[in-house]
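Peer 1: Structure incoming, see below.
The values are calculated or read from the model by the stated rules, or taken from the named source; none is laboratory data. This one's a predicted model, so the numbers in the text were calculated from it and none came from an experiment. Reconstructed Cβ throughout: ideal geometry from the backbone, glycine too, with neighbour counts over all protein chains shown. Surface areas here come from the heavy atoms of the whole protein model, side chains and all, with no ligands, DNA or RNA. Shrake-Rupley method; radii C 1.70, N 1.55, O 1.52, S 1.80 Å.
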Amino acid sequence: MSDSTVTETNAADLSTPAESSSLEDVAAQFADAVAAGAAYREYQAAYEALQDDADAKALFAEYQRRSNYLQAAGQWGGVREQDEAELERLEREMSEHSTIARYRASQAALVEELRELNAIMGEELGIDLAAMVRPSSCGCH
Amino acid sequence: MEAAQKEAVKMFARKIGEEPATRRLFEAREAFESNSELYALRLDYTRLVHDLRTKQSEGTLVEEDVAELRTLEQKVNGHEVTKELSEAQAHMADVLQRCNTVISERLGFDYASSAAAQRSCGC
């Protein structure tokens, strides 16, 4: 094996995926790096625990049902005090439920990590990927 | 944040930076900022908006003022440099959307929605 062959082999080994792969490949590699991280793994585990916890799922579903109802009622001014109190009670119950609390905490940690990654991308590139891609409307109107 | 993720996002940013759509966007941004004719129009527009707000608060705003603003707005938006910037932004958004689809499919949720900085919609 000649020296030049060794040099070429080493150079090939050192080539970054960014040089040899498609944009979609590199995007997939980025997603895989996120998925391999502790925050994502904890989020997945917490999500699965939530799916396996019938009590938590029922509480979550009830909260979302009430929350959606209140949001709709708010549009036409039909929010009653007892509806708000009921939602607050459910919110308290959820925050005290270990499976839900774990899921929410893992979700918040993952979102924070994703925002940090997006901020790094913004600094490196000068483009905010998330802001350019996500819908400009919040969907409220 | 883990080192592997930091490296992956930097590599991803570098790859996006190599895309023709990115170069086009940066050139369009540069042209938008440096075109003196467009700069003058934008300055006029900003001044007019300010004047019209003052008139509105004073109750002296007339239909002609609004028409003047609309005309100026059309001039700014219809300027070749502005149109190129809009098209370059749309092209870039398409490229990034493709990436977002790949990432979101792998993660199981919409990446862009989660990664975007928190923003109040004001609703």
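Peer 1: Suppose we filter A:Glu123, A:Glu48 for residues that are within 14 Å of chain B (Cβ to nearest Cβ), open to solvent by 70 Å² or more (accessible area, probe 1.4 Å) and either within 30 Å of B:Met92 (Cβ to Cβ) or among the aromatic types (Phe, Trp, Tyr) (or both); which single one remains?
Peer 2: Being within 14 Å of chain B (Cβ to nearest Cβ), open to solvent by 70 Å² or more (accessible area, probe 1.4 Å) and either within 30 Å of B:Met92 (Cβ to Cβ) or among the aromatic types (Phe, Trp, Tyr) (or both) holds for just one of A:Glu123, A:Glu48, which is A:Glu123.
Peer 1: Out of region A:51-76, which residues are polar (S, T, N, Q), away from every other protein chain (no Cβ under 11 Å) and either more than 29 Å from B:Ala115 (Cβ to Cβ) or open to solvent by 70 Å² or more (accessible area, probe 1.4 Å) (or both)?
Peer 2: A:Gln51, A:Gln64, A:Asn68
Peer 1: Taking B:Ala112 as the residue in question, decide whether it is within 30 Å of A:Gln107 (Cα to Cα) and under 17 Å from the mean Cα position of the chain (by Cα).
Peer 2: For B:Ala112, the condition - within 30 Å of A:Gln107 (Cα to Cα) and under 17 Å from the mean Cα position of the chain (by Cα) - is met.
Peer 1: Moving to a separate point now. Taking only region B:1-60 into account, find how many residues are of a type in the set (D, E, K, R), assigned to a helix (DSSP H, G or I) and closer than 19 Å to A:Leu125 by Cα.
Peer 2: The total comes to 11.
Peer 1: Next up: Restricting attention to region B:51-89, and to residues there that are touching a residue at least 12 places away in the same chain (Cβ under 8 Å) and of a type in the set (S, T, N, Q), which single residue is farthest from B:Ala40 (Cα to Cα)?
Peer 2: Looking at residues that are touching a residue at least 12 places away in the same chain (Cβ under 8 Å) and of a type in the set (S, T, N, Q), I get B:Gln89.
Peer 1: Also, I was wondering about something else. For region A:103-120, which positions are more than 8 Å from every other protein chain (Cβ to nearest Cβ) and either among the acidic types (Asp, Glu) or open to solvent by 70 Å² or more (accessible area, probe 1.4 Å) (or both)?
Peer 2: Residues satisfying the conditions are A:Arg104, A:Gln107, A:Glu112.
Peer 1: Still on this model: Can you confirm whether region B:10-19 contains a residue that is open to solvent by 40 Å² or more (accessible area, probe 1.4 Å), over 20 Å from A:Leu129 (Cβ atoms) and within 14 Å of chain A (Cβ to nearest Cβ)?
Peer 2: Looking for residues that are open to solvent by 40 Å² or more (accessible area, probe 1.4 Å), over 20 Å from A:Leu129 (Cβ atoms) and within 14 Å of chain A (Cβ to nearest Cβ), one finds none in region B:10-19, hence no.
Peer 1: Another question, then. For region A:77-102, which residues satisfy the criterion of being closer than 15 Å to A:Gln64 by Cα, open to solvent by less than 30 Å² (accessible area, probe 1.4 Å) and not aliphatic (A, V, I, L, M)?
Peer 2: A:Asp83
Table: residues versus (1) farther than 30 Å from B:Ile16 by Cα; (2) touching a strand residue (DSSP E or B) at 6+ places or on another chain (Cβ under 8 Å); (3) not hydroxyl-bearing (Ser, Thr, Tyr).
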site: A:Tyr63; (1), (2), (3): yes, no, no
site: A:Gly78; (1), (2), (3): yes, no, yes
site: A:Asp83; (1), (2), (3): yes, no, yes
site: A:Leu117; (1), (2), (3): no, no, yes
site: A:Glu124; (1), (2), (3): no, no, yes
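Peer 1: Looking at B:Glu87, B:Glu64, B:Glu73, which is the one that is out of contact with any helix residue (DSSP H, G or I) (no Cβ under 6 Å at 6 or more places or on another chain), exposed (fewer than 13 other Cβ atoms within 10 Å of the Cβ) and more than 7 Å from chain A (Cβ to nearest Cβ)?
Peer 2: B:Glu64
Peer 1: Could you please let me know if A:Ala39 is surrounded by 13 or more Cβ atoms within 10 Å (Cβ to Cβ), free of Cβ contacts under 8 Å to residues at least 24 places away in the same chain, over 17 Å from A:His97 (Cβ atoms) and within 14 Å of chain B (Cβ to nearest Cβ)?
Peer 2: no
Peer 1: Let me ask something else about it. Scan region A:65-76 for residues that are farther than 15 Å from A:Ser95 by Cβ and not basic (Lys, Arg) and jot them down.
Peer 2: Listed by number, the residues that qualify are A:Asn68, A:Tyr69, A:Leu70, A:Gln71, A:Ala72, A:Ala73, A:Gly74, A:Gln75, A:Trp76.
Peer 1: Out of all the residues in region B:34-44, is one or more surrounded by 14 or more Cβ atoms within 10 Å (Cβ to Cβ), more than 7 Å from chain A (Cβ to nearest Cβ), more than 30 Å from A:Val34 (Cα to Cα) and at pLDDT 95 or above?
Peer 2: no
Peer 1: For B:Asp110, are the conditions met, namely being at pLDDT below 95 and under 30 Å from A:Arg41 (Cβ atoms)?
Peer 2: yes
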